[in-house]
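Written out below as structure tokens is the structure these notes cover.
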Amino acid sequence: MLILGIETSCDETAASVIRGNAPHSERILSNIILSQTAEHLPYGGVVPEIAARAHLDYLPQVIENALQTANITLDDLEAIAVTGGPGLIGGVLVGVMAAKSIAMIKQIPFLAVNHLEGHALTPRLTDDVQFPYLLLLASGGHCQFLEVLGVGNFRFLGSTIDDAAGEAIDKVAKMLGYDYPGGPIVEKLAMMGDPNRFPLPLPLKGRPGCDLSFSGLKTAARQVIEAHSPLCEKDIADIAASFQRTIVKSLCEKARNAIHLTESKITHFVVAGGVAANQLLRHHLTEVCKQNGLTLLAPPLKLCTDNAAMIAWAGFEHLRLGHQDSLDFAPRPRWPLAERNSQQTGMQI
């Protein structure tokens, strides 16, 4: 089954073609991602209106590139899946309207995918992992623990009460004088720094449950930066290393709590989202999993950040269960993943 996926929820314009019923190593026929980093760089972060206009300009060519790379045409598609939310509403609208147009003209099923569910189901695209499994979804906009029980079936365990991990990393990178996006920059700087030089407070240390908090840690980092300014190269590297280490320690502490709070018998712990690309986090989560008899799964780096292959796959997962969305689906700037348990918005079964 050939499915086109479209992703326009933030600052990547993406389209992908997958063959859903193929072996996992042969599923992704194309995965085109056009980053808008250059457009947003002067502003230090994503500007919603600029993102929406860029999606409008780039999406037709990105879709065409995805089809050509997969060596197919629109006539070969059997379904189309698109991010229906959550995300910047202007960008989501661009993607949804394009997908609806194609679905209507070609008379193929239309599937509106929850962006977070795309991340959540990625390990089934790449590794055929079986339900249930534990998920840490960590990105610039989201940070939460979920027990993934099935397609559209999630048990919420905890989330950030303020900043997401990726958001905090981006902001500290900016404090250190670096451009957006900050994640890769902080990780590179941290490799050259001493993580023990600046002891930073561990957020919610010792508190039961899986909730996270990074706003206070961000403030503590700012105070260190201000106290040691002007910063030399060693100062910058040591602050980055200390900050990254504390983020990872916090996520690992709450991961241990999440493992003990799961109600089903799990064998895999999955980390997904942009922050999942961080190698220090992967290393320490691997140790946490070993201590608890679990296997860590993390998507390939190219599938950690926003991409359309995960959207196409999530659409396939729903389609083979008989789900299909109506063309009157309304894009959603907010769409809590746990709502999938009790509500398939706009979905006909």
(message) Can you list the helices (runs of 4 or more DSSP H) lying wholly within segment 27-116 that have 3 or more residues being among the small types (Gly, Ala, Ser) and surrounded by 16 or more Cβ atoms within 10 Å (Cβ to Cβ)?
(response) 48-70, 89-106
(message) For Ala240, only one of the following conditions fails: (1) crowded, with 22+ Cβ neighbours inside 10 Å; (2) farther than 23 Å from Cys304 by Cα. What is its number?
(response) (2)
(message) Give me the residue from segment 310-330 that is aliphatic (A, V, I, L, M) and open to solvent by less than 60 Å² (accessible area, probe 1.4 Å) and, out of that set, farthest from Ala120 (Cα to Cα).
(response) Leu319
(message) If I go through segment 123-136 residue by residue, how many of them are closer than 17 Å to Ile266 by Cα, touching a helix residue (DSSP H, G or I) at 6+ places or on another chain (Cβ under 8 Å) and open to solvent by less than 10 Å² (accessible area, probe 1.4 Å)?
(response) 5
(request) Quick one: Arg245 ticks every box in (1) under 16 Å from Thr160 (Cβ atoms); (2) open to solvent by 40 Å² or more (accessible area, probe 1.4 Å) except a single one, so which number is it? (result) (1)
(message) Can you confirm whether Leu135 is among the hydrophobic types (A, V, I, L, M, F, W, C), outside any strand (DSSP E or B) and under 15 Å from the mean Cα position of the chain (by Cα)?
(response) no
(message) Quick check on my filter: what residues within segment 285-315 are over 20 Å from Gly140 (Cα atoms) and in a helix (DSSP H, G or I)?
(response) Thr286, Glu287, Val288, Cys289, Lys290, Gln291, Ala312, Trp313, Ala314, Gly315
(message) Looking at Ala164 and the list (1) over 15 Å from the mean Cα position of the chain (by Cα); (2) surrounded by fewer than 24 Cβ atoms within 10 Å (Cβ to Cβ), which single condition is not satisfied?
(response) (1)
(message) Tell me yes or no: at least one residue of segment 272-287 is modelled with pLDDT of 95 or more, within 21 Å of the chain's Cα centre (by Cα), charged (D, E, K, R) and surrounded by 13 or more Cβ atoms within 10 Å (Cβ to Cβ).
(response) yes
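The values are calculated or read from the model by the stated rules, or taken from the named source; none is laboratory data. None of the values given here were measured: they were computed from a predicted structure. Using ideal geometry, Cβ is built from the backbone for each residue, glycine included, and neighbour counts are taken over all protein chains shown. Areas reflect the complete protein model, heavy atoms only, side chains present, ligands, DNA and RNA absent. Shrake-Rupley method; radii C 1.70, N 1.55, O 1.52, S 1.80 Å.
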